[in-house]
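The values are calculated or read from the model by the stated rules, or taken from the named source; none is laboratory data. Everything numeric in this text was worked out from a predicted model, so none of it was measured. Positions of Cβ are backbone-derived with ideal geometry, glycine not excepted, and every protein chain shown enters the neighbour counts.
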Amino acid sequence: MKKALMAVMVLAGLGLNAQRGPGPGHGNHPGKEMSAEQAATLHSKRMTLALGLDDRQQKEVKALLETEFQWRKETHEARKANRDSTAKADPEARYAHMNARLDHRIAFERDLKEILSEAQFDQWKKHQHRKKGRKEHRRQKGHHGK
């Protein structure tokens, strides 16, 4: 009887999980299929709506985001190509990647700060902190796909 009950519970759990379908963190995210230009266009439009960007700001933000998304794609592909599936990542390579990523992030924020007004930049920063907090919350709850 216990085995039958356990089997029903496992099948019910699998059925509920199967209904979730693909989404962020499940390896089938539509954003990964977009070009850097497409992603930058959508993201700059979202920022225009959220921050009230004027035409000049929207164009400059879009150009900045295009280079950002292209850089991300290139570094992701390079790391993917250099990754050895059987060995753990080299600590020096990991440090170099994290250092380059942070340098790039600092430069991105400096450039964005030049484009946005002080109030818009502050609003963008607050949104980034909220977004990071939600991501951390999901990761702690075990909802992250890794």
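Considered as a group, the residues in region 70-106 that are of a type in the set (Lys, Arg), at pLDDT below 90 and under 25 Å from Lys125 (Cβ atoms) include one that is nearest to the chain's Cα centre (by Cα), and that residue is Arg72. Check whether at least one residue in region 44-62 is surrounded by 12 or more Cβ atoms within 10 Å (Cβ to Cβ), part of a helix (DSSP H, G or I), modelled with pLDDT of 65 or more and among the hydroxyl-bearing types (Ser, Thr, Tyr), and report yes or no. Taking every residue of region 44-62 in turn, at least one turns out to be surrounded by 12 or more Cβ atoms within 10 Å (Cβ to Cβ), part of a helix (DSSP H, G or I), modelled with pLDDT of 65 or more and among the hydroxyl-bearing types (Ser, Thr, Tyr).
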